[in-house]
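What follows is a single structure, written as structure tokens, with notes after it.
The values are calculated or read from the model by the stated rules, or taken from the named source; none is laboratory data. Treat the numbers as computed from the prediction; the structure is a model and nothing was measured. For neighbour counting, all protein chains shown are included, and Cβ atoms are generated from backbone atoms with ideal geometry for every residue, glycine included. For accessibility, only protein heavy atoms count, side chains too; no ligands or nucleic acids. Shrake-Rupley method; radii C 1.70, N 1.55, O 1.52, S 1.80 Å.
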Amino acid sequence: MKSLNSARSWLTARLPVFVFVLFVLQPVLDCVSFWFTELEWSNLPTLAVRMGLLAVTALLGFCLSGRKWIYWTAAAVCAAIGAGHLYALYDYGVVADLFGDLTNYIRILQLPVTVLCLITFLRENERCYESMKWGMVVSVALIVLVEVLS
């Protein structure tokens with residue numbers, strides 16, 4: 001039990017760094033995805049990074065949360081939305097780009113799952129507020145830089 005508490009406190013102490021990196025990586029991944037598409041390369045690497053970030057964020061949020069039922073409910077809702085979408089494709093006989101569909105589904109899921117996890121992170125470590133602020137500043141600066149360069 002003592003090692004579990006020490007692992008939890010170790011994770012909680014590093015949450016602000018994780019939150020900052022999470023905020024900064026999003027516009028970087030969007031830029032890389034854009035260029036991969038423009039160069040007609042596969043977006044599989046960026047999808048893999050997004051999936052990894054989503055999985056790590058969700059797992060970390062779930063492990064630190066005292067209200068795990070909220071995470072189970074969110075997972076059920078996300079699964080129901082995905083299943084409903086697949087059923088609609090099948091029912092209407094649409095042959096869709098499944099890779100593109102999966103990429104968009106991950107992008108859609110990132111927002112609610114990440115927000116749920118950020119709430120958990122903020123409850124665990126109040127320094128995450130500062131990390132969120134600086135993460136947003138760097139993200140906006142990156143977006144402005146890309147816009148100016150383009």
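Summed over the range 105-143, residues that are among the small types (Gly, Ala, Ser) and either at pLDDT below 90 or touching a Lys or Arg at 6+ places or on another chain (Cβ under 7 Å) (or both) total 0. Filtering 108, 70 for residues that are under 18 Å from residue 26 (Cα atoms), among the hydrophobic types (A, V, I, L, M, F, W, C) and open to solvent by 30 Å² or more (accessible area, probe 1.4 Å) leaves a single hit, 108. Within the range 10-20, being touching a residue at least 40 places away in the same chain (Cβ under 8 Å) and farther than 13 Å from residue 118 by Cα holds for 11, 13. Is there a residue being modelled with pLDDT of 80 or more, among the polar types (S, T, N, Q), assigned to a helix (DSSP H, G or I) and surrounded by fewer than 16 Cβ atoms within 10 Å (Cβ to Cβ) anywhere in the range 86-104? No, the range 86-104 contains no residue that is modelled with pLDDT of 80 or more, among the polar types (S, T, N, Q), assigned to a helix (DSSP H, G or I) and surrounded by fewer than 16 Cβ atoms within 10 Å (Cβ to Cβ). The set of residues in the range 3-48 that are outside any helix (DSSP H, G or I), open to solvent by 40 Å² or more (accessible area, probe 1.4 Å) and of a type outside the set (D, E, K, R) comprises 39, 41, 42. Go through the range 49-64 residue by residue and tally those that are closer than 18 Å to residue 29 by Cβ and open to solvent by 70 Å² or more (accessible area, probe 1.4 Å). Residues flagged as closer than 18 Å to residue 29 by Cβ and open to solvent by 70 Å² or more (accessible area, probe 1.4 Å) within the range 49-64 amount to 2.
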